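Trainee: Please find one structure pasted underneath; my questions will follow.
The values are calculated or read from the model by the stated rules, or taken from the named source; none is laboratory data. A quick note: this is a predicted structure, and the numbers were derived from the prediction, not measured. Cβ: placed from backbone, ideal geometry, glycine included. Neighbour counts: every protein chain shown. Only protein heavy atoms, including side chains, enter the accessible area calculation; ligands, DNA and RNA are left aside. Shrake-Rupley method; radii C 1.70, N 1.55, O 1.52, S 1.80 Å.
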Amino acid sequence: MESLNQKQGLLQTGTNAYLIFKKDLLQEFKTRYALNAIFLFALVTLFAVSFAIGTFNASSDILSALLWIILFFASMSGLSHIFVREEEAHTADTLKLVAKPTEIFLGKLIFNIVLLFMVELLVVPLYVAIMNFTIYHILLLAAALLFGTFGLAGGGTIVAAIIAKSNARGALFTVLAFPILLPVLVTGISVTKNAATEKLFSNPVSELQSLFAFAIVIITAGILLFDFIWNE
Amino acid sequence: MQLIAESITKYFNEHIIFKDIHFAAASGSCLAVLGPNGSGKTTLMRIVSKLLAPTAGTVTFNENGQVLTDTEIRYRIGFLGPYLELYQDLTATENLSFFAKIRGLTDYQPAMNRLLDQFGLKGREEDPVRAYSSGMKQRLKYVFALLHQPDVLFVDEPRSNLDAEGIARVYDLFSEFKKERLLILATNDSEDLQFADERIEIRVAG
């Protein structure tokens, strides 16, 4: 009986998280605030980098680092919007009234993950083409981007929830998120360097494992901590 | 259903809002929270409806001797106030459908249409909330608060932005609602007090 109730509870959490994600997606497609911010930031940075260093001069080390820096700062320009919008529009209490904190966190997390994937789908192929960046192990890069996105979105979502209640929202987000997300950035760059090398220079499995583990830890910590942040 | 608030105290940082507030109220009645601006009426309403945690004290909802959980309370209360907004970019239907589904309602369309009609919003339900006047937004908040047929209704500033016709509709609703359910009003308006069976007056702290 208890396990049946638990199953029903999990199903309800999943359904409500999906409803919150769907609502955010609908709002986003009506306003395109976060989408425009992230896309424009990523594109402007990409073209600025390509003009500054040229397309044939940079080594794979530099190109790998620049790719993740573009993705990181582009995500910083839009991920916080998911909670800031609720606070600024005074809808946070309305949402609090109808949904459990875990449902809200998961709904917002799914939205940020989807948003980042959409940006990566556009930016990564463009970056590879414009910067003449040769990737020898595409699957390895794809795995790094997949796990890295979960880590970036997980950390970004929980930091967004924290800063949404403060006055200096814009400035605080990147400052707080950077140290938390540094492991994703460093490991992502390292795996990408490896993917851009014809013969793998190190075993990428342990790096992918750390990216995956980081994503699991940050998302679990987010679920556990969100209740306190949201209800404060 | 019975609501019991014991020793409710709230501080914001070092600033005391109110201290040791006690009251109880049950279905079939109306409780009015009174007090000058800044006395903490809204804060008390938010605490009692579980939107805000008190610094000290407890709020419990009981039914047939059983204490309701936070999740059960969430399904059983309706709330509207000036600081609680609906999504401006979405239409009234999109807003109401989202909240109905998340509250687990399945066959909510007939009730939604009836309430939209009751509050004079029929025909404007596909407009984005952003395009509504402040009075229409207040009417829509009533529809939002009542759609899931709550057992307890919290209303902060009931007449806010409403015209005479809107106030009449709301007063009809209050008379009907308090017959079997619990109505809690936070107001400074003497006309609203005609519904109050009990009153709590908060004084400005300090």
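Trainee: Going by Cα centres, the stretch A:61-85 and the stretch A:150-223 are how many Å apart?
Mentor: 10 Å
Trainee: Other chains' Cβ within 10 Å of B:79-90 residues: what's the mean? Before the final figure, lay out each step's value.
Mentor: On the way: counts 5, 2, 3, 1, 4, 8, 7, 4, 11, 6, 9, 4.
Mean inter-chain Cβ contacts per residue within 10 Å come to 5.
Trainee: When the accessible area of the stretch A:2-230 is computed with all protein chains present and a 1.4 Å probe, what percentage of it is carbon and sulfur?
Mentor: Answer for the stretch A:2-230: carbon and sulfur cover 71 percent of the accessible area.
Trainee: If we count chymotrypsin sites (Phe, Trp or Tyr not before Pro) as exposed when they sit in a DSSP loop and have at most 10 other beta carbons within 10 Å, what is the longest stretch of chain A that avoids them all?
Mentor: Maximal segment without exposed cleavage sites: A:57-200.
Trainee: Still on this structure, I have one more. Set the bar at 26 Å for Cα to Cα. Now go through A:Lys23/B:Lys137; A:Lys30/B:Lys141; A:Lys7/A:Lys165 and name every pair that lies beyond it. If you can, show how the numbers build up before the last one.
Mentor: Working: A:Lys23/B:Lys137 19 Å; A:Lys30/B:Lys141 22 Å; A:Lys7/A:Lys165 33 Å.
From the list (A:Lys23/B:Lys137; A:Lys30/B:Lys141; A:Lys7/A:Lys165), the Cα-Cα distance tops 26 Å for A:Lys7/A:Lys165.
Trainee: Can you work out the FRET efficiency for the pair A:Ala129 and A:Ile216, with r the C-beta to C-beta distance and R0 = 25 Å, to the nearest 0.05? Provide the component values of the computation, followed by the final result.
Mentor: Working: r = 33 Å, r/R0 = 1.31.
E between A:Ala129 and A:Ile216, to the nearest 0.05, is 0.15.
Trainee: Something else about it: For A:21-27, what's the mean count of beta carbons from other chains sitting within 10 Å of each residue's beta carbon?
Mentor: 3
Trainee: In addition: For the ranges B:115-123, B:162-170, what's the packing order if you count other beta-carbon atoms within 10 Å of each residue, average per peptide, and put the highest first?
Mentor: B:115-123, B:162-170
Trainee: Further question on the same structure: Where does the longest stretch of chain A lie that holds no trypsin sites (Lys or Arg not before Pro) found in a DSSP loop with 12 or fewer other Cβ atoms within 10 Å?
Mentor: A:33-198
Trainee: Right, something else. Per 5 Å bin, what is the whole-percent P(r) computed from every C-alpha pair distance within the stretch A:2-230?
Mentor: Percent of Cα pairs in each bin: 1, 7, 14, 18, 18, 15, 11, 8, 5, 2, 1, 0, 0.
Trainee: Something else about it: Between B:Asp172 and A:Asn5, what is the spin-label point distance in nm, taking each point 7 Å from the Cα along the Cα→C-beta axis?
Mentor: Roughly 4.2 nm, to one decimal.
Trainee: Whose amide H sits under 5 Å from the amide H of B:Val33, counting only residues 5 or more places off or on another chain, with H placed in the peptide plane?
Mentor: Those lying under 5 Å, H to H, from B:Val33 are B:Leu185, B:Ala186, B:Thr187, B:Ile200.
Trainee: What is the interface area between chains B and A, defined as buried accessible area summed over both chains with a 1.4 Å probe, reported in Å² to the nearest 100?
Mentor: Adding both sides of the contact gives about 2300 Å².
Trainee: So what's the gap between the Cα centers of the stretch B:141-195 and the stretch A:95-146, to the nearest angstrom?
Mentor: 45 Å
Trainee: Taking 45 Å as R0, compute the FRET efficiency from the Cβ-Cβ separation of A:Leu200 and A:Phe73 and round it to 0.05.
Mentor: Efficiency at R0 = 45 Å is approximately 0.95.
Trainee: Please compute the average number of Cβ atoms from other chains found within 10 Å of each residue's Cβ in peptide B:47-53. Could you put the intermediate results ahead of the total?
Mentor: Numbers: counts 0, 0, 3, 3, 6, 4, 3.
Averaged over the peptide's residues, the number is 3.
Trainee: May I ask for the net charge around B:Ser39, where only other residues with Cβ less than 10 Å from the Cβ of B:Ser39 are counted and Lys, Arg are +1 while Asp, Glu are -1?
Mentor: +1
Trainee: Can you list which of the chymotrypsin sites (Phe, Trp or Tyr not before Pro) found in the stretch B:1-104 are DSSP loop residues with at most 16 other C-beta atoms within 10 Å?
Mentor: Sites meeting the loop and neighbour criteria: B:Tyr83.
Trainee: Separate question: Is the shape of the protein assembly as shown best called rounded, prolate or oblate, per the rule: a/c under 1.5 gives rounded, else a/b larger than b/c gives prolate, else oblate, with a ≥ b ≥ c the square roots of the Cα gyration tensor eigenvalues?
Mentor: It comes out prolate by the Cα gyration axes.
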